[in-house]
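Input: a single structure, listed below in structure tokens.
None of the figures in this text is laboratory data; all of them are computed from the coordinates on show. The structure displayed is predicted, hence computed values, not measured ones. Cβ atoms come from the backbone with ideal geometry, glycine included; neighbour counts cover every protein chain shown.
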């Protein structure tokens with residue numbers, strides 16, 4: 001089984017409402033935490049200039065990063081469009097439809113994530129606003 005197939009098997013087939021997931025937890029969040037190493041490296045790119053790596057690790061780091069990212073939103077629906085093996089990781093382009101808490105403004109964008117596996121668990125998970133940057137990180141545009 002390729003890494004892309006392995007990651008696909010770990011991911012829910014349906015769109016995921018991330019505000020609900022990280023505010024209310026439950027079994028979906030426990031399932032997600034179960035596929036992460038305790039020391040899984042988590043990163044949200046691009047980082048703020050001069051901010052440095054906040055050192056997010058494991059399930060707690062994933063939750064901390066997403067809770068911070070989701071603060072302005074009342075909903076954030078994520079759909080993973082594909083899982084593509086790259087030399088440096090699995091590239092996962094996504095589609096997001098979100099609504100802000102203030103004024104209810106609808107926001108859509110097409111981010112991506114790149115992850116690497118170790119022993120069937122996610123070892124590194126980086127989130128990118130720019131798909132081209134994510135493709136490059138996965139080694140697909142070299």
For residue 97 paired with residue 9, estimate the spin-label separation in nm (one decimal), with each label point 7 Å from Cα along the Cα-to-Cβ line. 3.2
Per residue, the convex hull enclosing the Cα atoms of the chain spans a volume in Å³ of 111
What length, rounded to one decimal in nm, is gained on full extension from residue 121 through to residue 2, with 0.36 nm per residue of separation minus their alpha-carbon distance? 41.5 nm
For residue 57 and residue 45 in the same chain, what is the full-extension length gain: residue separation times 0.36 nm, less their Cα-Cα distance, in nm? 2.8 nm
Angle check, please: helix 58-70 long axis (alpha carbons) against the longest principal axis of the chain (alpha carbons), in degrees 0 to 90, nearest 10. 40
